[in-house]
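Worksheet: one structure, shown below.
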Amino acid sequence: MDKLLIQGGTPLSGEVSISGAKNAALPILCASLLCAEPVRFSNVPHLNDISTMLRLIGQMGVEVTMDGNDGLIVSSRGLNNPTAPYDMVKTMRASILVLGPLLARCGEAKVSLPGGCAIGARPVDQHIKGLQAMGAEIHVEHGYVLAKASRLKGARIVTDMVTVTGTENLMMAATLADGETIIENAAREPEIVDLANCLTAMGARISGAGTDRIRIQGVERLHGATHAIMPDRIETGTYLCAAAVTGGQVRLTNTSADYLDSVIQKLREAGCAVVAESDAIVLRAPPRLKAVSIRTEPYPAFPTDMQAQFMAINCVAEGAAVIRETIFENRFMHAVELIRLGADIRIDASNALVTGVPRLDGATVMATDLRASASLVIAGLVAQGDTLIERIYHLDRGYERIEEKLTRLGASVRRVR
Ligand code: UD1
C-alpha cells in the first residue's frame, strides 16, 4: 500500500493548477445515463473515485472514450444492465447517484445500499422517499434498493435535511418525469448548479438550482451535450490551507474564489492576504496564523469537507479555536493522528477545542478518510522532520497528483510504494 513521506518546514511558493471537481464530476457522469446520445466532458479529474464510477457505468453497458488529457465521451446508448453491484458501490458512496438516472431512463434499477462509512452512518432514506413521492415502487432487499416506475411523475418533495447527493439524485430523476417536480429544502452547493447546467445543456428544464427550491419541468427525452466540469473548490481550499500553514505564498490557477467565500473569510481572519483574480486565487500567509473557530454547515456556510484541513492549521496557530462539526457524527478521526504529531486537541462530542502549539513533530500517522488525509498532509508540511502517512489510497480518491503538485510548490513530498 502506498504511503506519503513528507519532510516539513518549507514555505510553499509558486503556482499550481486546480483540477476539475470530484463532487461535480461524479453526479454529472451519472447524468449521462439519462440520454442515449453521447455526452462530452472536459476538465474531468484523474481520480480513483472517477475510475470507480466509470467502471460502474461501464458494466451497465455504457461506452466511455477518452478525449484528450482531461476529456471523456460517455455514450449510454447501449445501457442494458441498470444494476450497481455491492462490490463497486462499497468503495464509493456516491455510487447511489446512479439510482435516479437509471430509474428515470430504464424504468427500473437495482442499486446496492452504500452502507455506512467511516465519517458517519450516512443513510439514503431521503433519496428513496423522494423517488417514492414521484411514484416509484421501492423495496430494500438483501442490501439492495430495488426500484421500478413505468414513468416517474412530477411531485413536490420536501427533504427532511439538506442533502447534496439526495438533491442531485432527485433533480436528475425529475428531468424525465411527467410534469413538474419541486424540490424544497434543496442543497445549494455549487456542484448542484454545475449539474443543473449540464442537464440544461442536455435539454432539461430546470430553474432555481443554487437556491433551496429547485423546479424541474420533466421532458420526454434528453440529448447529447458538451460540458466542462467546474473547478474543485475543496482541492482549492486544501492548497490554500497548505500554503497558509507553511507561511507561504501561492497562486492557484484554473479555479475561482466565487465558491469559497466562507473559507477565504476564515483564511483572512487567520491573517492571510487573499486576492481573487478572474480564474485564479493568490494567497500570502504571515509567519504564524491566528487560530480561527469554525462551524460546518451546508453551503454557503463553512463546508464540512474543509473542517479537517482547518483543524490542522489551528494546531500550530496562535491561540485556541473551537471546531464544531454539524454535518457528520464521526468526522474527527484525524484529531487522534494530529495529536500523534504533538497537537493539543480536546474532543467533546461534535466540538473540538484546538490550542495552537509552537511546533509539530513528524511521526507516522494513518489516513482514515479523504479529508482526514488532507489534514495530515497539511500538518506534515509544517511539522519538523519526517511525517509518514499510511493508507493514502483515501487521498488518491480525491486529490489528483497531489505529490506532484506539492513538489511544484517546493514541498518535500515523496510517494513510498
Ligand atoms: C456530499 C459530498 C461530501 C460532503 C457532503 C456534505 C458528494 C459526492 N459528496 O455527500 O463530500 O461531505 O455532501 O457537504 O457530493 N442524510 C440522511 N439521509 C439521506 C441523505 C443524507 O440522513 O438520505 C444525512 C447524512 O447522513 C448527513 C447529512 O444528511 O448527516 C448530509 O449528507 P449529504 O449532504 O447527503 O452528504 P452526501 O451527499 O453523501
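Quick notes on this one:
- Net lengthening on full extension, HIS46/LYS290 (0.36 nm per residue, minus Cα-Cα): 84.4 nm
- Karplus-derived HN-Hα couplings along the stretch 271-287 (A = 6.51, B = -1.76, C = 1.60, θ = phi - 60°), whole Hz, x at Gly and Pro: x, 8, 9, 10, 10, 8, 9, 5, 9, 7, 9, 10, 10, 10, 10, x, x
- Electrostatic dipole magnitude of the chain [Cβ: Lys, Arg +1; Asp, Glu -1; Cα centre; debye, to 20]: 180
- Phi angles of the stretch 34-42 translate, via the Karplus equation with coefficients 6.51, -1.76, 1.60 and θ = phi - 60°, into HN-Hα couplings of 7, 9, 8, 8, x, 10, 10, 10, 10 Hz per residue; Gly and Pro are given as x.
- Pairwise Cα inverse-distance average, inverted: Kirkwood Rh of the stretch 314-375 (Å): 12.0
- Candidate aspartates and glutamates for bridging to LYS405, where Cα separation is under 14 Å - those fewer than 8 sequence places away on the same chain excluded: GLU15, GLU235, ASP396
- Taking 29 Å as the straight-line reach from the Cα of LYS110, the lysines in range (excluding those fewer than 8 positions away in the same chain) are LYS22, LYS90, LYS129, LYS148, LYS153.
- Kirkwood hydrodynamic radius over Cα pairs of the stretch 347-403, then Stokes diffusion coefficient at 4 °C and 1.567 mPa s, in µm²/s: 104
- By the Cα gyration tensor, the stretch 150-276 has an equivalent ellipsoid whose semi-axes, rounded to whole angstrom, run 36, 16, 9 from largest to smallest.
- Pairs of Cα atoms nearer than 8 Å and 6+ residues apart set the relative contact order; for the chain it is 21 percent.
- Computed log₁₀ I(q)/I(0) - Debye formula, equal Cα scatterers, no solvent, the chain, q 0.06, 0.10, 0.12 Å⁻¹: -0.24, -0.66, -0.93
- Each distinct pair of alpha carbons in the stretch 50-111 adds a 1/r term; the inverse of their mean, the Kirkwood radius, is 12.0 Å.
- Taking the C-alpha atoms of the stretch 290-417, convex hull volume expressed per residue in Å³: 107
- Each residue of the stretch 311-325 was assigned a 3J(HN,Hα) from its phi angle through the Karplus curve 6.51 cos²θ - 1.76 cosθ + 1.60 (θ = phi - 60°); the sequence is 5, 4, 6, 5, 4, 10, 7, 8, x, 10, 9, 10, 10, 10, 9 Hz, with glycine and proline shown as x.
- Fully extended contour minus Cα-Cα distance, from HIS139 to GLU184, at 0.36 nm per residue: 13.8 nm
- Where only C-alpha atoms are counted, convex hull volume of the stretch 227-303 per residue in Å³: 78
- Partners for LYS290 among aspartates and glutamates (Cα-Cα distance below 16 Å; same-chain residues under 8 apart left out): GLU269, GLU318, ASP344
- Helix-only CD estimate at 222 nm, as mean residue ellipticity for the chain, using -39500 (n - 2.57) per DSSP H run (n ≥ 4): -9000 deg cm²/dmol
Rule-based calculations on the coordinates, nothing more; no lab input. These numbers come from a predicted model, not from an experiment. Counting neighbours? That spans all protein chains shown, and the Cβs are built from the backbone with ideal geometry, glycine included.
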